[in-house]
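Have a look at the structure below, then the notes.
The values are calculated or read from the model by the stated rules, or taken from the named source; none is laboratory data. These numbers come from a predicted model, not from an experiment. Positions of Cβ are generated from backbone atoms using ideal geometry, with glycine treated the same way; all protein chains shown enter the neighbour counts.
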Amino acid sequence: MKEILKEIEERFGPIWERVQRPKLAQVGIEPAKAVPLLTWLKEHRGYVTLVHLSAVDWIEQGEFQLTWLLGNPETEERLMICSRIDRENPAAETVSGLWPQAVTYEQEINEMFGVSFPGSPRQGVPFILEGWKDIPPMRRDFDTVAFVEKHIPGREGRKHIDTRTYIGEKFGEKGYLHD
């Protein structure tokens, strides 16, 4: 891992890096350098597998973090390439030309977080939330309780039970009970 991290630093100047385990490391990179780095890793360093693409809402910082998890089958190493993008106009370059399966990840992140991937084949095509009119539901400012109260009617005869209190009563765990 040290060799690849050193080479990434020399070529792309990462913002930060961290080795989590002997064969797993994270690298933070500026958004403009993310796709060039991903391309270089696939074409020149054997990271040919896109294992996963995810998003995290850093609402307090006004950013989303995108993380591409890559695998190198020969060395069995994994790299997480992380890049933060602006939350107000969230857009990132597509990697669907490198990994066709990225289209599905990008479509899901577009729908659930509102991050666009210009040039990705299925941007804007409903994936899970057909007819959705609210803000994307994985954003931290989405109010799940308010949405449920507005759109999902209560059932007659059903009593609300606070989960923490129920667990405490059921299993005798006093730490779960409210005073």
Worksheet item: Does ASN110 meet the test of being farther than 30 Å from LYS6 by Cα and buried (at least 19 other Cβ atoms within 10 Å of the Cβ)?
Response: yes
Worksheet item: Among the residues of the range 43-50, is there at least one that is assigned to a strand (DSSP E or B), modelled with pLDDT of 95 or more, under 25 Å from ASP141 (Cβ atoms) and of a type in the set (Val, Ile, Thr)?
Response: no
Worksheet, complete the sentence: The lone condition ARG164 fails out of (1) basic (Lys, Arg); (2) modelled with pLDDT of 85 or more; (3) surrounded by 10 or more Cβ atoms within 10 Å (Cβ to Cβ) is (2)
Discussion item. For the range 21-48, give me each residue that is within 26 Å of GLN101 (Cβ to Cβ), surrounded by fewer than 17 Cβ atoms within 10 Å (Cβ to Cβ) and free of Cβ contacts under 8 Å to residues at least 40 places away in the same chain.
Written reply: ARG21, ALA32, PRO36, TRP40, GLU43, HIS44, GLY46, VAL48
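Listed here are the residues, each with its yes/no results for (1) closer than 28 Å to PHE127 by Cα; (2) touching a Leu at 6+ places or on another chain (Cβ under 6 Å); (3) acidic (Asp, Glu).
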| residue | (1), (2), (3) |
| --- | --- |
| GLU7 | no, no, yes |
| GLU10 | no, no, yes |
| GLU17 | no, yes, yes |
| VAL27 | no, no, no |
| TRP40 | no, no, no |
| TRP58 | yes, no, no |
| GLU77 | no, no, yes |
| MET80 | yes, yes, no |
| ASP86 | yes, no, yes |
Item to complete: Check ARG122 against each of (1) touching a helix residue (DSSP H, G or I) at 6+ places or on another chain (Cβ under 9 Å); (2) crowded, with 17+ Cβ neighbours inside 10 Å and name the one condition it does not meet.
Response: (2)
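Can you find, within the range 78-107, the residue that is nearest to ILE59 (Cα to Cα) among those that are small (Gly, Ala, Ser) and surrounded by fewer than 19 Cβ atoms within 10 Å (Cβ to Cβ)? Quick ask: steps written out before the conclusion?
Here is the first cut: in the range 78-107, the ones small (Gly, Ala, Ser) are 83, 91-92, 96-97, 102.
Next cut, surrounded by fewer than 19 Cβ atoms within 10 Å (Cβ to Cβ) only: 91, 97.
Values: ALA91: 16, GLY97: 30 Å.
Top of the filtered list is ALA91.
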